[in-house]
Structure formats: C-alpha cells, structure tokens
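Down below is the structure, laid out as structure tokens.
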Amino acid sequence: MATKEIIEIKRPEIVDVNLRIVGDTPLIMHRWSDKAKRMMLEKQMGKKLNKKENKNPVEDFICSMYWMTDLPTEFTEAAFEEAIQNGAKFGFPVTAIKQAAISSAYRCGMSKDKVSLQGAFFIKGTGEELLEEVKYDEAPIMREDMVRVGMGTADIRFRGQFNSWYMDLTISYNKAGAYALEDIINLISLGGYNCGIGEWRPEKGGQNGMYHVECQ
C-alpha cells in the first residue's frame with residue numbers, strides 16, 4: 001500500500017524591520033510631470049496638440065521630484081526656496097529599491113528568474129506611488145542634461161538632484177521563510193551597487209543613485 005507524503009506548511013512569521021540606506025552617489029529624480037503625462041495621453045488619443053509651450057527649466061526641475069508636501073503654486077526659484085525653508089519633503093518609490101535588489105540577484109546568477117524573489121520581502125511606502133522620504137543635508141539642486149529622444153532628436157532635461165541623501169525603510173518579510181534577514185539586507189545593498197535607483201543609474205549606464213545599507 002502506497003504511503004502518502006505529508007507536506008508541512010509552516011505558519012508565516014511576518015515581521016517588520018527598520019533599516020537605512022545611505023547614498024554613495026547623487027540621486028537624480030525622474031518623475032513624469034502631470035503636464036507631460038497629459039500631453040502624452042492626448043497625443044495617443046489623436047487629439048490635436050496646442051502650440052508647443054516654451055520650456056520652463058525651473059518648472060521641469062520642480063516637477064521632476066516626488067513631493068510629499070505641497071507642490072509650490074508657482075514654478076519659480078523663489079517659490080522653491082520658500083518651500084525648502086518651510087520644510088519641503090520629497091520621496092522616492094520604494095518599489096524601485098526592491099526591483100534593484102531583484103534585478104541584481106538575477107544578473108549575478110543568485111536567482112534563476114526575477115519572479116521567484118518578488119514575494120521574498122516588501123518595502124512599505126506611502127500613497128499610490130508608495131513613496132518613502134528622501135532625507136537630505138543639502139537641498140536638492142537643479143541639473144541639466146542633454147538627452148536623445150526619438151530618431152536622434154536632442155533635448156535638454158532639467159531634473160532635481162540630491163548630492164547627499166539617505167532613506168529610512170521599513171522592510172516586511174517572513175521570518176519563517178526561505179530567506180533570512182541577512183540575505184535580504186545583502187540583496188538590498190547589492191542592488192544599490194549593481195543597479196541603483198533614479199536617472200543615470202548603473203543599470204542604465206550611469207553611476208548615480210548608488211547606495212548601501214548602513215550597519216546597525
């Protein structure tokens with residue numbers, strides 16, 4: 001008589017752990033502005049676009065960042081400085097940090113695919129964009145980059161850059177699962193070195209947005 005194999009499923013032990021990532025290279029913001037998304041949608045819907053508006057570098061700079069406090073009502077340097085003086089807070093999507101860890105593990109041969117690590121851990125964020133605050137010692141500055149868009153056309157992009165930054169993250173993972181906390185921390189640090197986050201990161205041919213997990 002054949003014996004039945006009994007599979008034991010352990011009760012999950014979901015715990016939260018706080019850790020800090022510290023930037024090793026500048027973090028460049030790359031959020032799509034509401035205006036840019038609207039124009040893209042109108043073009044895809046076949047609507048006739050209005051005459052191209054003049055570029056406002058300060059507006060592009062301000063709108064490139066993920067604001068966790070109110071966006072300035074005016075897109076001027078004075079309005080931005082006032083927001084900073086009033087304690088402006090900026091964030092970044094925590095999903096980018098998780099994807100950097102997963103992508104790095106796959107690239108380094110530590111995982112056979114990217115899907116198997118999706119449920120290994122989660123990073124808690126705020127709002128629809130799942131943001132965590134980017135903390136800084138110096139206010140973000142405006143940087144100017146030449147880029148190529150469609151058929152080799154050149155354009156100038158103005159984006160926010162944090163030269164010195166860090167983020168305090170809350171990691172959720174299954175303590176009874178296949179991955180120990182040390183494994184997850186090492187994955188996050190590896191993601192910060194191999195892939196990074198933001199614009200011109202290592203994964204996209206640059207060296208910005210690199211970080212490491214600060215030892216507790």
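Can you tell me how segment 105-170 classifies by the Cα gyration tensor, rounded, prolate or oblate, using a/c under 1.5 as the rounded cut? In terms of gyration-tensor shape, oblate.
Subtracting the Cα-Cα distance of D113 and K204 from their residue separation scaled by 0.36 nm leaves 30.8 nm. Spin-label pair S164-T69: with each label point 7 Å from Cα along the Cα-Cβ axis, the two points sit 1.9 nm from one another. Straight-distance candidates among the aspartates and glutamates for linking to K135, with alpha-carbon spacing under 17 Å and chain neighbours fewer than 8 residues away dropped: D24, D70, E81, D168, E214. Sparse packing (at most 15 other Cβ atoms within 10 Å of the Cβ) combined with a DSSP loop state is found for none of the chymotrypsin sites (Phe, Trp or Tyr not before Pro) in segment 84-144. Fully extending the segment from W32 to M146 would add 39.3 nm, taking 0.36 nm per residue of separation and subtracting the current Cα-Cα distance. Membrane-span-like helices in the chain, defined here as complete DSSP H runs extending at least 18 Å along the helix axis by their C-alpha atoms with mean Kyte-Doolittle hydropathy no lower than -0.5, are 94-107, 181-194; this is a sequence and geometry rule, not a statement about a membrane. Take each peptide in 80-86, 160-166, count the other Cβ atoms within 10 Å of every residue, and average; sorted highest first, the result is 160-166, 80-86. Using 25 Å as the Cα-Cα cut-off, could you pick out the over-long pairs in K89/K114; K4/K114; K124/K175? Checking Cα-Cα distances, K89/K114; K4/K114 exceed 25 Å. So the label point goes 7 Å from the Cα of K175 along Cα→C-beta, right? Which residues of segment 8-23 then have their backbone N under 20 Å from it? In segment 8-23, the label zone of K175 (backbone N under 20 Å from the point 7 Å along Cα→Cβ) covers 9-20.
Surface composition of the chain: carbon and sulfur make up 51 percent of the accessible area, probe 1.4 Å.
On a per residue basis, the chain carries 64 Å² of accessible surface, using protein heavy atoms and a 1.4 Å probe.
Once you have a ≥ b ≥ c as the square roots of the Cα gyration tensor eigenvalues for segment 65-183, tell me rounded if a/c is under 1.5, and otherwise prolate or oblate according to whether a/b is larger than b/c. The shape class here is oblate.
Of the GluC sites (Glu not before Pro) found in segment 120-174, those in coil by DSSP whose Cβ has at most 10 other Cβ atoms within 10 Å are E128, E138. Basic side chains Lys and Arg get +1 at the Cβ, acidic Asp and Glu get -1 at the Cβ, and with that the dipole of the chain about its Cα centre reaches some 1060 debye.
The values are calculated or read from the model by the stated rules, or taken from the named source; none is laboratory data. Since we're looking at a predicted model, the values are computed, not measured. Glycine gets a Cβ as well: all are built from the backbone with ideal geometry, and neighbour counts include every protein chain shown. Note: areas computed on protein heavy atoms with side chains; ligands, DNA, RNA excluded. Shrake-Rupley method; radii C 1.70, N 1.55, O 1.52, S 1.80 Å.
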